[in-house]
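The values are calculated or read from the model by the stated rules, or taken from the named source; none is laboratory data. These figures come from a predicted structure and were not determined experimentally. Heads up, the Cβs are rebuilt from the backbone with ideal geometry, glycines too, and the neighbour counts pull from every protein chain shown. Just so you know, the surface numbers come from the protein's heavy atoms only, side chains and all, with ligands and any DNA or RNA stripped out. Shrake-Rupley method; radii C 1.70, N 1.55, O 1.52, S 1.80 Å.
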Amino acid sequence: MSVVKTLLRTPWFWGIVGILLLLSLNVMKDPTYLSIGINPTTGLVAGNLLDILRVSAPIIMIALGMTFVIATKGIDLSVGSIMAVGGAAAMETLRALNAPSSFGAMFTAIGIALAIGAVLGLVNGLLVSVIGLQPFISTLVMMLAARGIARVITGGQNTNSANAPFQQISNGQVLGLPTSFVIAVVIVVLVSVVMRRTALGLMIESIGVNPDASRLAGIRPRPILLAVYVLSGILAAGGGLFTVSEVMTVDVSGTGYQMELDAILAVVIGGTSLAGGKFSILGSTIGALLIATLNKTVLFLGVSAAATPAFKAIVIVLLVLLQSERVRAFVLQAGRRRTRKEVVA
């Protein structure tokens, strides 16, 4: 019984419940929704579940970076635009190198994209930790600037290129799972080990709880804030690589558009408070999977573009209400009262 109570009080548990409910809704429309088979054209495993995992990869990346930023009582509104910059840099590099089957070209493009993401994240960190600007303002400025940088890189045009190894990042598979999802999970595990096996995770949480007290305890907030925003920038650029490798095209206006909102939702659904402090990497990952499932459900059910924001808002609000102990207690209490009345009658 205590295990059940613990699960009910765990935010990411309700994320799993939300995923199962959305999948059930899709199955009600099409009983074969969860079926998995072999694509005769590519010879790869195919199915809606694999599509959800593929779509979740970039969300997992930016949600992971956002988790640590929010844990420090900050916010990073620039991750969507940095995704566009990373994607633009990769596509332009591959087009310039013009090596359709070169692994060297792929790694060069990835390295340049991640380096640019790190630089943009460093700028965010400097504005927040050194200049002292509010994270909301700093990253809002970067959100606008980075989108402009992406346009400058591509000359304002959507850029495409050809490189088979790079394309396999999103379109390839490892043990039947999308390569991008496997890479994202590996990164999540590695970052989790670093955060929980070293003092870095505790220092991030302490800064979010009380920066003054952490400073008195000998923790220097400035380098940690710099590291957090640099990590967020790198992961956002990585998410951009996942996005553009699927279609080998970067849309400077559409790539990463409003993805910062999905990242924030994933983190909050996973149980990390916007007030800072304790964070949950597992929760953020499950939250990202929920957002991906929700996005695919919207498309599968044929929800109109005009009604999509309202549909997503309703689902998120219901999930947040389920996470609330006060709401659950109220519903249970109301149910008990109704049962007592029926017994008396």
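Hey, in the GNM for the chain with a 10 angstrom Cα cutoff, which one of G37, G121, G65 fluctuates hardest?
Maximum fluctuation in the GNM of the chain, among the listed residues, is at G37.
Determine, for the chain, the count of lysine pairs separated by eight or more sequence positions (or lying on different chains) whose alpha-carbon distance falls under 23 Å.
Numbers: K5/K278; K29/K296; K29/K312; K73/K278; K296/K312.
Close lysine pairs under the 23 Å cut-off: 5.
Label points 7 Å out from Cα along the Cβ direction at S192 and K278: separation in nm?
1.7
Compute the FRET efficiency between A213 and R326 as 1/(1 + (r/R0)^6), taking r as their Cβ-Cβ distance and R0 = 35 Å, and round to the nearest 0.05. Before the final figure, lay out the partial values.
Numbers: r = 29 Å, r/R0 = 0.83.
About 0.75, to the nearest 0.05.
What length, rounded to one decimal in nm, is gained on full extension from T42 through to N98, with 0.36 nm per residue of separation minus their alpha-carbon distance?
17.7 nm
Can you tell me which of A46, A213, A84 moves the most in a GNM of the chain? Springs connect C-alpha atoms under 10 Å apart.
Highest fluctuation among the options: A213.
For L318 and K29, FRET efficiency with R0 = 22 Å and r from the beta-carbon atoms, rounded to 0.05? Write out the running numbers ahead of the final one.
Values: r = 19 Å, r/R0 = 0.86.
The pair K29/L318 has a calculated efficiency of 0.70.
With n ≥ 4 as the cut-off for DSSP H runs, can you work out [θ] at 222 nm for the chain, using -39500 (n - 2.57) per run divided by the number of residues, rounded to the nearest 500? Intermediate results must be reported in sequence, preceding the final value.
Details: 15 runs with 249 residues, N = 345.
Only helices count here, giving -24000 deg cm²/dmol.
For A310 and T249, calculate 0.36 nm times their separation in residues minus their Cα-Cα distance, and state this gained length in nm to one decimal. List each step's numbers first, then the result.
Details: separation 61, 0.36 × 61 = 21.96 nm, distance 2.94 nm.
Here the segment from A310 to T249 would lengthen by 19.0 nm.
How much area per residue is accessible in the chain when the probe is 1.4 Å and only protein heavy atoms are counted (Å²)? List each step's numbers first, then the result.
Values: 16710 Å² over 345 residues.
Counting only protein heavy atoms, the per-residue value for the chain is 48 Å².
Considering only protein heavy atoms, with the full assembly of protein chains and a 1.4 angstrom probe, order V317, V45 by accessible area, largest first.
Per-residue accessible area, sorted high to low, gives V317, V45.
Give a residue-ordered list of calculated ³J(HN,Hα) values for segment 281-295 (Karplus: 6.51 cos²θ - 1.76 cosθ + 1.60, θ = phi - 60°; whole Hz; x for Gly, Pro).
Coupling constants for segment 281-295: 5, 4, x, 5, 5, 5, x, 5, 5, 5, 4, 5, 5, 5, 4 Hz.
Which residues in segment 208-225 have a backbone N closer than 18 Å to a point placed 7 Å from the Cα of I131 along the Cα-to-Cβ line?
222-223, 225
From Cα pairs below 8 angstrom and at least 6 apart in sequence, can you work out the relative contact order of the chain, rounded to a whole percent?
Result for the chain is 33 percent.
Could you give the radius of gyration (one decimal) and Dmax (whole number) of the Cα atoms in the chain, in Å?
21.5, 81
Where a ≥ b ≥ c are the square roots of the eigenvalues of the C-alpha gyration tensor, would you call segment 131-172 rounded, which needs a/c under 1.5, or, failing that, prolate if a/b is larger than b/c, or oblate? Write down the numbers at each step before the final one.
Working: a/c = 4.80, a/b = 2.03, b/c = 2.37.
Oblate, since a/c reaches 1.5 and b/c is not below a/b.
At V182 and A162, where each label point lies 7 Å from the Cα along Cα→Cβ, what is the point-to-point distance in nanometres?
2.6
Once you charge only the Cβ atoms, +1 for Lys and Arg and -1 for Asp and Glu, what is the size of the charge dipole of the chain about its Cα centre, to the nearest 20 debye? Please report the intermediate quantities before stating the final value.
On the way: 23 positive and 12 negative charges, 263 e Å.
Dipole size: approximately 1260 debye.
Could you tell me what percent of the accessible area of the chain is made up of carbon and sulfur, with a 1.4 Å probe and every protein chain present?
Numbers: 11430 of 16710 Å².
Looking at the chain in its full context, I get 68 percent from C and S.
Go ahead and set up a Gaussian network model of the chain, Cα springs under 10 Å, then flag whichever of L23, L34, L49 fluctuates most.
L34
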